[in-house]
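These notes concern the structure reproduced below.
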Amino acid sequence: MESADRELLPVAEPPWKRQRRDSSARARIASLPSPPVVPRTTPSQPWSAVRASSRLPNPRIPVLNIATNNPLLTSVQTDELSKYIAADSAVLESTGFEELVNIRRGKSDFGHKVKKIKHKAARYLHHLKKRGANVVLKTPPWSLERLEETIKRGPHKSSEEHAEFLREELLDFVQKGFWTILPWRLVKKYKRMLRMLRISPMGVVPQRARRPRLIVDYSCFDLNRETLKLAPKEAMQFGKALERILAQIVSANPAHGPVQLIKVDIADGFYRVWLNLSDTPKLAVSIPSLKGEEPLLAFPLVLPMGWTESPPCFCAATETVTDVANQRALNNWKPSPHRLDEASDSRPAAEEPHLSSSSGRAATATDAPDAIPNRAFKKRLLSRFDVFVDDFIGMGQGNRKQLTNLRRILLHTLDEVFRPLEADDSPSRKEPASVKKLRKGDGFWETRKLVLGWILDTLCMTIELPPHRLEQLEELLNSIPRMQKRTSVRKWQQVLGELWSMAITIPGSHGMFSLLQEALRRRADKRLRLSWGVHDCLDGFRWLFDNLDGRPTRLYELVPQPEPVLLGAGDACGRGMGGVWFPVANDLSVRGRDGAELRGADSAPLSVSLRAPLVWRAQFPPEVMRRLITTANPTGTITNSDLELAATIVPLSPIPL
């Protein structure tokens, strides 16, 4: 396949032939009207003036001013997208696919000096800027018969259900230069495109309280599996982003004040990185056609959602921004003011619905954690960034000036990787940082913020679920009653996905997934069996979430301490339990079962100082011993494992978390 790809690369052509082709393209495109103007955050030259002064027009949004009675269509089309299809079809016939892609995409979104960034990924980012992401497949090209069969099969069912939305979304993507749409009848005339062509179905994913998301099912015909993994896998670090953020907050020195948080989102995300021009046909997509319209194919010119290499290619850029910004923060870099300072200082709405507490007792700004455990805190102010794909999270301590400087470090570094707006850009191009979200308050430093779907409170040192996520999970668990014996594999995967996404902030939940995963492994066809053990685990999760609804989870419960506070061991048998605690250097405050600190007669907090090993034991009540499962009592309800678990938990009750 690799040798076949090399044969299809563009070959040199005589200068006179290229000049004739370019002049024909310029004459055709120069007659096109200007696109609608999109408001910008900075003043710039009007688009019409830019096009008039440009040697070769670079219209990312060209439209033919014709009645769209195109011979390539089986009937006259009048919607806006059909005009763009007709325009691209005309340019394709006149100049070829390579020139069409170059005209549509315009300039790369990467910074002009991205190669000079002091980072090991600089050369790779420069490659993405000049060439784009490579699409190399393991399998030979498809036959014309298979292509025709795939065209007849059409797009995913979800795209038919959201046909109107899909048409509007594709129009927006074509206007911005992210996609180009061409008729199948025209595409199959070009042998080079045909030999590279693969076709995948288009789909639409509904989202809560937001517009649906357009996505391509590249796994339908195993295209993701057949793709050679060339992107740097070390860029895929976002899986542990929340854990790293919590660890940074917990290790911050309280003497410097509470940790403040900001969020900076990249506008247009994946669509800022090109695909390799010659590899674009490999990721072609079938889309629904209007009545009387011939089959259409959409070609992504940038990284599409759904392709297996899109995340690592894009994350190589965002992780580079994070690494460079963290190094600059460590070196106390003092950048100049940024053009988005005013937008970043926008305060959020007075009452954000997603920041309302999901627990019965809402946390307030004056609350403080019950106790600060014995931990090794950092000496210097916290100045740190992390990233989850395209969402940057900033964590800082200090006064307003110091925090503003820290935010500028991130914004200036982002501008070096993804260039800011320029005068000759299309009006549809946006700032690298999402100005819309900055104006909503994402860039404003706060101690309570919605981060990666969780509400973080750095004053109370808690983390909790937003109310809508708790309701969603409760509804999902209640849809599987205890008497249900079977369920579909798809629904069970949805349940496991929701539980795993929330397990990080629920102490004690990680040990409850064994039977749930085992049920998935023992599936038969598209159904699986729900045993009593599986239902017991689900009941355990229901209890945990009921408890989570009563109080937020403390960060100190989630982040392990570098050194243990206590060293000990315990065990249990049928008659009782016992164990030993070994000496520790620090005094420990004594707390009750409700977590409240116990005080003596003089109102002073009770504490215990272990200078010698402390041995403890307790006898089980007769009722527990009668219910224990033994050889003589096989119908009991308590196992020896239950007693051992009690021996682990009970001695922790007077110990502060």
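Those residues that are under 19 Å from GLN327 (Cα atoms) and assigned to a helix (DSSP H, G or I), I need them from region 388-400; list them, please.
Result: no residue meets the conditions.
In region 605-623, which residue that is of a type outside the set (S, T, N, Q) and modelled with pLDDT under 65 is farthest from ARG575 (Cα to Cα)?
By that ranking, first place goes to PRO605.
What about TYR124, is it open to solvent by 10 Å² or more (accessible area, probe 1.4 Å) and modelled with pLDDT under 90?
no
Of a type in the set (D, E, K, R), farther than 14 Å from ILE262 by Cα and either open to solvent by 10 Å² or more (accessible area, probe 1.4 Å) or touching a Ser or Thr at 6+ places or on another chain (Cβ under 6 Å) (or both), is that true of LYS436?
Yes: the conditions hold for LYS436.
Among the numbered criteria (1) at pLDDT 90 or above; (2) within 30 Å of PHE165 (Cβ to Cβ); (3) not hydroxyl-bearing (Ser, Thr, Tyr), which single criterion is violated by ILE215?
(1)
Of the conditions (1) surrounded by 16 or more Cβ atoms within 10 Å (Cβ to Cβ); (2) in contact (Cβ under 8 Å) with a residue 60 or more places away in the chain; (3) not hydroxyl-bearing (Ser, Thr, Tyr); (4) not in a loop (DSSP other than H, G, I, E, B), ALA231 clears all except one; give me its number.
Of the numbered conditions (1) surrounded by 16 or more Cβ atoms within 10 Å (Cβ to Cβ); (2) in contact (Cβ under 8 Å) with a residue 60 or more places away in the chain; (3) not hydroxyl-bearing (Ser, Thr, Tyr); (4) not in a loop (DSSP other than H, G, I, E, B), the odd one out for ALA231 is (4).
Could you please give the count of residues in region 519-529 that are open to solvent by 40 Å² or more (accessible area, probe 1.4 Å) and at pLDDT 85 or above?
The qualifying residues number 2.
For region 403-427, enumerate the residues that are hydroxyl-bearing (Ser, Thr, Tyr) and more than 25 Å from the chain's Cα centre (by Cα).
THR404, SER426
Which is in a helix (DSSP H, G or I) and either more than 19 Å from LEU450 (Cβ to Cβ) or out of contact with any strand residue (DSSP E or B) (no Cβ under 7 Å at 6 or more places or on another chain) (or both), of ALA241, ALA255?
Being in a helix (DSSP H, G or I) and either more than 19 Å from LEU450 (Cβ to Cβ) or out of contact with any strand residue (DSSP E or B) (no Cβ under 7 Å at 6 or more places or on another chain) (or both) holds for just one of ALA241, ALA255, which is ALA255.
List pairs: first residue in region 280-296 and part of a strand (DSSP E or B), second residue among the hydroxyl-bearing types (Ser, Thr, Tyr) and open to solvent by 10 Å² or more (accessible area, probe 1.4 Å) anywhere in the structure, Cβ distance under 6 angstrom, at least six positions apart or on different chains.
Partner pairs satisfying both residue conditions: LEU296/SER289.
Take the residues of region 468-478 that are in contact with a helix residue (DSSP H, G or I) (Cβ under 8 Å, 6 or more places away or on another chain) and either loosely packed, with under 13 Cβ neighbours inside 10 Å or of a type outside the set (D, E, K, R) (or both): which is nearest to ARG551 (Cα to Cα)?
The residue in question is LEU470.
In region 137-171, which residues are closer than 18 Å to LYS282 by Cβ, part of a helix (DSSP H, G or I) and open to solvent by less than 30 Å² (accessible area, probe 1.4 Å)?
LEU147, THR150, ILE151 - these are the residues of region 137-171 that are closer than 18 Å to LYS282 by Cβ, part of a helix (DSSP H, G or I) and open to solvent by less than 30 Å² (accessible area, probe 1.4 Å).
Could you go through region 240-251 and let me know if any residue there is buried (at least 16 other Cβ atoms within 10 Å of the Cβ) and closer than 26 Å to LEU100 by Cα.
No, region 240-251 contains no residue that is buried (at least 16 other Cβ atoms within 10 Å of the Cβ) and closer than 26 Å to LEU100 by Cα.
Could you list all residues from region 188-228 that are hydrophobic (A, V, I, L, M, F, W, C) and exposed (fewer than 13 other Cβ atoms within 10 Å of the Cβ)?
VAL205, ALA209
Filter region 530-552 down to the residues that are more than 11 Å from ILE506 (Cβ to Cβ) and surrounded by 16 or more Cβ atoms within 10 Å (Cβ to Cβ) and list them by number.
If the condition is that a residue be more than 11 Å from ILE506 (Cβ to Cβ) and surrounded by 16 or more Cβ atoms within 10 Å (Cβ to Cβ), then LEU530, VAL534, HIS535, CYS537, LEU538, ASP549, PRO552 are the ones that fit.
Among the candidates TRP500, TRP492, single out the residue that is in contact with a helix residue (DSSP H, G or I) (Cβ under 9 Å, 6 or more places away or on another chain), among the aromatic types (Phe, Trp, Tyr), in a helix (DSSP H, G or I) and modelled with pLDDT of 85 or more.
TRP492
Does LYS430 meet the test of being under 21 Å from the mean Cα position of the chain (by Cα), among the basic types (Lys, Arg) and part of a helix (DSSP H, G or I)?
no
In region 488-508, what count of residues is obtained for those that are open to solvent by less than 10 Å² (accessible area, probe 1.4 Å) and touching a His at 6+ places or on another chain (Cβ under 9 Å)?
Summing the residues that are open to solvent by less than 10 Å² (accessible area, probe 1.4 Å) and touching a His at 6+ places or on another chain (Cβ under 9 Å) in region 488-508 gives 1.
The values are calculated or read from the model by the stated rules, or taken from the named source; none is laboratory data. None of these values were measured; they are calculated from a predicted model. Neighbour counts run over all protein chains shown; Cβ positions are idealised from the backbone, glycine included. The accessibility values were calculated without ligands, DNA or RNA, using every heavy atom of the protein model including side chains. Shrake-Rupley method; radii C 1.70, N 1.55, O 1.52, S 1.80 Å.
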